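Notes follow the structure.
Every number here is computed from the coordinates shown, using simple stated rules; none is lab data. It should be emphasised that the depicted structure is a prediction, and the values quoted were computed from it without experimental measurement. Neighbour counts run over all protein chains shown; Cβ positions are idealised from the backbone, glycine included.
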Amino acid sequence: MCTYTTLQHNKHGYVARCRNCSQMKVAFANILLSFTDEQYYKFVNHVNELCLLHSDDPFMDRKSVLIPTAAKGVTMVYSPNELLTLQQLLKAATSRLKYEELLVFNKN
């Protein structure tokens, strides 16, 4: 059974990790995504790339950024500003995740 630790949260969502199986959960807006560690880091990198790509978008509040999902026919859509908020959430969670991994590594 999964027992989650919240790595980071804000008013738009959270990032959590299961203490038992290491499954990652990313909740943002009205979407909840589940990832392995590898999938999580790929998602973080993809969000970072999209933020760079849309950093000069003249319409920062227009929902114009599409993020496909593994589910057939399901695509997430965000504005560049929403994407920046997601990036900040993921960045803080990833920093905490790496910090905790260092602590475990140093204990061994």
Among the numbered conditions (1) touching a strand residue (DSSP E or B) at 6+ places or on another chain (Cβ under 8 Å); (2) assigned to a helix (DSSP H, G or I); (3) farther than 21 Å from Cys2 by Cα, tell me where Asn45 comes up short. (1)
Return the pairs, sorted by first residue and then second, in which the second residue is surrounded by fewer than 16 Cβ atoms within 10 Å (Cβ to Cβ), the first residue lies in region 83-98 and is among the polar types (S, T, N, Q), the beta carbons are less than 9 Å apart, and the residues are 6+ apart or on different chains. Thr85/Asn10; Thr85/His12; Gln87/Asn48; Gln88/Asn10; Thr94/Tyr41
Applying the selection to region 49-64, what residues are surrounded by 14 or more Cβ atoms within 10 Å (Cβ to Cβ) and not charged (D, E, K, R)? Leu50, Cys51, His54, Met60, Ser64
Go through (1) surrounded by fewer than 16 Cβ atoms within 10 Å (Cβ to Cβ); (2) β-branched (Val, Ile, Thr); (3) under 15 Å from the mean Cα position of the chain (by Cα); (4) more than 23 Å from Tyr4 (Cα to Cα) and name the single condition Ile67 misses. (1)
Hey, Val77 hits all of (1) assigned to a strand (DSSP E or B); (2) crowded, with 16+ Cβ neighbours inside 10 Å; (3) among the β-branched types (Val, Ile, Thr) but one; which does it fall short on? (2)
